Amino acid sequence: MTDLMPLIRNETIKMVRKKRFYVILLVLLVLVPMFTYAQMKVTERNREKFGTDWRRSVQQAITDNQNSLGSSRLPEEWKKYRQIYIQQMKYYLDHDVNPQEPGGVTFTREFMDNASSLFIPLLIMGLASDIVSSERTTGTIKMLLTKPVRRWKVLFSKLVTLMMFVSLTVMAAFVMCYAISGLVFGYQGFDMPVFTGFQLNGSDVDLSAVHAVPQWLYLFLQLGLIWFVSAVVAMLAFMISVLVRSTAASIVIMMAALIAGSILTNMASAWQSAKYLFMVNLELTDYLSGTPAPIEGMTLGFSLAVLAVWGLASLVVSFLVFTKQDILN
Amino acid sequence: MEQQTVISSAAQIRSGQPVLEVRSLRKRIGRKWIIEDVSFTVYGGEIFGFLGPNGAGKTTTIRMLVNLIKPTAGSIQIGGYDVRSSPEKALGQIGAIVENPEVYAYLTGWENLEQFGRMLKGVDEARIKEVTELVRLDKRIHDKVRTYSLGMRQRLGIAQALLGRPKLLILDEPTNGLDPKGIKEMRDFIRRLAEQGMAVFVSSHLLSEIQLLCDRVAIISSGKVLAEGRVDELIQNRSNYVVWDVEPRARALEILSNNQITVLKQPETVLDDSVMAGIPEGAIVCQMEGSAMAGYTALFAEEGLRIQSVYKINPTLEQLFLEMTGGESID
């Protein structure tokens, strides 16, 4: 470990000096206020329509969804989603809890739910995609590998550095989201109860395991799951970066995979074995909120296992290739 | 005196001890044998030239020396350690620039040296300072590398190669892209390093340029070493050429062939371009010892031939190379 520390320090310096992390912070700094503003508009409109009583707005949402169930043009899939949504909303109503209690914490929770499958992985890609390929593009890989240091140590130091910055990115996303949205919605809401544990059985929701957790705990669980997704995406991007010499190609490959994932999520319910693809398993936070998984038979444990296998496999490939390959240019 | 201490550890290797031993190196990429048979030895304190045309396999060989490419067969020993089986120990004794000196453009020269210093043992701030002064980069070392000229990058590359007090310095085409003044400075610099006991391995496709610099050379072409040895010895065994510009030409040719002197029909295949350019049109180039010149001059005069000029061509490495490869193009 003593000889790994200087290497990790090197990689950290390079990462900081390449200013990738600042770009990520900048993206968050621009996008979060945009979403905050959008959310503010929605809240304003609801207040105009339903006054200050949140029950009316939830009741309206339930009624709207129920009405649409009668439409024959609605695909079966969607009906299922809506039935589940109706039952969850009813549960909130019955227990007199506002699912959309305005506040910085609620906004952060909802934003992160939506960000976990595409937005956060995209930021992670920005960090990971060029971590090895940039050394090959610029030729500095030759300087690294002709030093009296084993190749696996060089790669390992890059991996450790990447994981540190992945963690920082996830933390930064949460903190900035809370800090910025709090300016508008207030910083309260940590103790607000959130229901979790909805078990889905076809279109029925099993409510027996549902319990309330304070929102801070919910946020904490969410943070852990998003961190896990991010770590796996980082490992995959890391592998692509080892395999592909050009940074542009490596970004395109990861982007294509992620976007394919979000498309598949919407249409893959008939294709059972798609559930073993990493891309459809990225929305881990859905299991917390009780949103149905895109394919029958997917559970939190299943998704965690699939992602872990993909992550480990890409690490194995990365290290095997990097330590063996000929550096021809 | 100050420079003596800079490379102190290199001096521990006595001259005459092999620092780098390459035995029957072969490399196949795909189905093609890029390197077919390369063997040579570099001894401590010498400047060793690795010469050959572009595409002969110089860079591939160098990449194998520094463990960037795995040889298909053969062995490479650096200071007694095998590059494949104990890379850490073997690479610890060399400093190298492979092709261009590529460093991180977004860092300063100093930060680059710090980066590489952390990968080596016993490199502290004082050492980085020392090396910076040695390559005369101390005025610009805290500027971003992005702003450096090619010559400065080259010097920074050498600085990082020297950082770990190597016993063997490997420079791949160090004069590429330098102006004539830069080339001269580079040669002086390499000589200074060698004087302090470090072995320097220099590759080049410009044979005449390196001839002035190297103690010993290996000449490589199409993946094979054609010759290895001291420059003067290699050249000594080669034939000498004499250029005659005489009138009438036909009579001179007749006399020469009567005396069994070989006249070159296509001198451009064995003589390098700079020599060819100086030969007058219609001159006769023949293979003959310089000592025989006086005799033939007298003979031609006796026969009533008018001698415009006559001179001897000193053999060069390039000439040697052209002879060995049968006029294969150098570039």
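What do you get for Rg/Rh of the protein assembly as shown when both radii come from the Cα atoms and Rh is the Kirkwood radius?
On the way: Rg = 36.3 Å, Rh = 30.4 Å.
With Rg and the Kirkwood Rh in hand, the quotient comes to 1.19.
For region B:160-207, what are Rg and Dmax over the alpha carbons, in angstrom?
Both quantities, over Cα of region B:160-207: 10.9, 30 Å.
Explain nothing, just the number: relative contact order of region A:5-135, from Cα pairs under 8 Å at least 6 residues apart, as a whole percent.
Across region A:5-135, relative contact order equals 24 percent.
Rounded to a whole number, what is D in µm²/s for region A:6-114 from Stokes-Einstein with the Kirkwood radius over alpha-carbon pairs (25 °C, 0.890 mPa s)?
In µm²/s, the coefficient is 141.
Just tell me how shielded B:96-104 is by partners: mean number of partner chain Cβ atoms within 10 Å of each residue's Cβ, no decimals.
Whole-number average of other-chain Cβ neighbours for B:96-104 is 5.
Run through every distinct alpha carbon pair of region B:236-279 and return the Kirkwood hydrodynamic radius in angstroms, one decimal place.
Every distinct Cα pair counted, the radius reaches 12.0 Å.
Hey, if you drop one equal point scatterer on each alpha-carbon of region B:150-237 and run the Debye formula without solvent, what base-10 log of I(q)/I(0) do you get at q = 0.16, 0.23 Å⁻¹?
Listed by q, the Debye log ratios stand at -0.69, -1.28.
What Kirkwood hydrodynamic radius do you get for region B:136-181 when you take the inverse of the mean 1/r over all pairs of distinct Cα atoms, in Å? Can you show the working numbers first?
Values: mean 1/r = 0.0849 Å⁻¹.
This gives a value of 11.8 Å.
Considering all alpha-carbon pairs of region A:218-281, what whole percent are spaced by more than 17 angstrom?
I get 52 percent for the Cα pairs in region A:218-281 exceeding 17 Å.
At 1.002 mPa s and 20 °C, plugging the Kirkwood radius over alpha-carbon pairs of chain B into Stokes-Einstein gives what diffusion coefficient in µm²/s?
Rounded to a whole number, D works out at 97 µm²/s.
Taking a threshold of 31 Å on the Cα-Cα distance, which of the pairs B:Lys224/B:Lys265; A:Lys18/B:Lys32; A:Lys41/A:Lys90; A:Lys14/B:Lys70; A:Lys142/B:Lys129; B:Lys139/B:Lys167 fall above it?
Result: A:Lys18/B:Lys32 exceed 31 Å.
How many angstrom lie between the C-alpha centres of region B:126-145 and region B:204-270?
44 Å
Viscosity 0.890 mPa s, temperature 25 °C: give me the Stokes-Einstein translational D for region B:191-244 in µm²/s, with Rh taken as the Kirkwood radius over C-alpha pairs.
The estimated diffusion coefficient comes to 189 µm²/s.
Antiparallel versus total DSSP beta bridges in the protein assembly as shown: what percent is that, nearest 5?
70 percent
Sum -39500 (n - 2.57) across every DSSP H segment of at least 4 residues in chain B, then divide by the residue count to get the 222 nm mean residue ellipticity, nearest 500.
Working: 14 runs with 115 residues, N = 331.
Taking each H run of at least 4 residues, the total per residue is -9500 deg cm²/dmol.
Roughly how crowded by other chains is peptide A:132-143, in terms of the mean Cβ count from those chains within 10 Å of each of its Cβ atoms?
Details: counts 0, 0, 1, 2, 0, 0, 5, 6, 7, 2, 11, 14.
Mean inter-chain Cβ contacts per residue within 10 Å come to 4.
Computed over the Cα atoms of region B:190-331, what is the convex hull's projected area averaged over all directions, in nm²?
On the way: hull surface 39.6 nm².
Taking a quarter of the hull surface, the average projection is 9.9 nm².
Could you tell me, in Å, what Rg and Dmax come out for the Cα atoms of region A:86-160?
22.9, 68
Using a Förster distance of 30 angstrom, determine the FRET efficiency expected from the C-beta separation of B:Ala105 and B:Gln17, and round it to 0.05.
0.15
Which value in Å is the Kirkwood Rh of region A:209-329 over different Cα pairs?
It works out to 15.9 Å.
Which value, in nm² and rounded to one decimal, describes the direction-averaged projected area of the C-alpha convex hull of region B:45-89?
With every direction weighted equally, the projected area is 4.0 nm².
log₁₀ I(q)/I(0) of region A:258-329 at q = 0.17, 0.20, 0.23 Å⁻¹, via Debye over equal Cα point scatterers, no solvent, to two decimals?
Once normalised to I(0) and log-transformed, intensities are -0.66, -0.81, -0.98.
Given the alpha-carbon gyration tensor of region B:70-225, what are the semi-axes of its equivalent ellipsoid in whole angstrom, ordered largest first, with each equal to the square root of 5 times an eigenvalue?
Semi-axes (√(5λ), whole Å): 25, 21, 14.
Could you tell me the calculated FRET efficiency between A:Gln272 and A:Met34, based on Cβ-Cβ distance and R0 = 35 angstrom, to the nearest 0.05?
For R0 = 35 Å, the calculated efficiency reads 0.40.
Relative contact order, percent, of region A:245-308 when contacts are C-alpha pairs under 8 Å separated by at least 6 residues?
Worked out over region A:245-308, it gives 31 percent.
On a 1.4 Å probe surface of the protein chains, which of A:Ser208, A:Ser133 comes out largest in accessible area, and what is the full order? All intermediate terms of the calculation are to be shown ahead of the outcome.
Values: A:Ser208 100, A:Ser133 0 Å².
Result of the area sort, largest leading: A:Ser208, A:Ser133.
As a test, work out the antiparallel percent of DSSP beta bridges whose residues both lie in chain B, rounded to the nearest 5.
65 percent
Counting alpha carbon pairs within less than 8 Å and at least 6 residues apart, what relative contact order, in whole percent, applies to region B:170-278? It would help to have the intermediate numbers written out before the result.
Details: 60 pairs, mean separation 16.1, N = 109.
In percent, rounded to a whole number, it is 15.
Could you tell me the ratio Rg/Rh of chain A? Both radii from Cα atoms, Rh via Kirkwood.
Rounded to two decimals, Rg over Rh is 1.03.
Find the eigenvalues of the gyration tensor of the Cα atoms of region A:149-270, then list the square roots of 5 times those eigenvalues as equivalent ellipsoid semi-axes, largest first, in whole angstrom.
34, 22, 15
Quick one: if the Förster radius is 25 Å, what FRET efficiency do A:Ala209 and A:Met89 give, using the C-beta to C-beta distance and rounding to 0.05? Walk me through the intermediate numbers first.
Working: r = 18 Å, r/R0 = 0.72.
So, using R0 = 25 Å, E works out to roughly 0.90.
Could you order the peptides A:49-58, B:79-88 from most to least packed, using the average number of other C-beta atoms within 10 Å per residue?
Numbers: A:49-58: 13.6, B:79-88: 15.8.
Most protected by this proxy first, the peptides run B:79-88, A:49-58.
Can you give the net charge of the other residues whose Cβ lies under 13 Å from the Cβ of A:Thr137, counting K and R as +1 and D and E as -1?
That works out to +1.
Rg (Å, one decimal) plus Dmax (Å, integer) for the alpha carbons of region A:87-231?
Using the Cα atoms of region A:87-231, the pair Rg, Dmax is 20.8, 68 Å.
Quantify how strongly other chains surround peptide B:153-159 by giving the mean number of their Cβ atoms within 10 Å of each of its Cβ atoms.
Mean partner-chain Cβ count within 10 Å for B:153-159: 0.
Quickly rank A:184-190, B:30-36 as a protection proxy: mean count of other C-beta atoms within 10 Å, highest first.
Order by mean packing, descending: A:184-190, B:30-36.
The values are calculated or read from the model by the stated rules, or taken from the named source; none is laboratory data. What you are looking at is a predicted structure, and each value in this text was computed from that prediction instead of being measured. Here the Cβ is made from the backbone with ideal geometry for all residues, glycine too, and neighbour counts use every protein chain on show. SASA here: full protein model, heavy atoms, side chains in, ligands and nucleic acids out. Shrake-Rupley method; radii C 1.70, N 1.55, O 1.52, S 1.80 Å.
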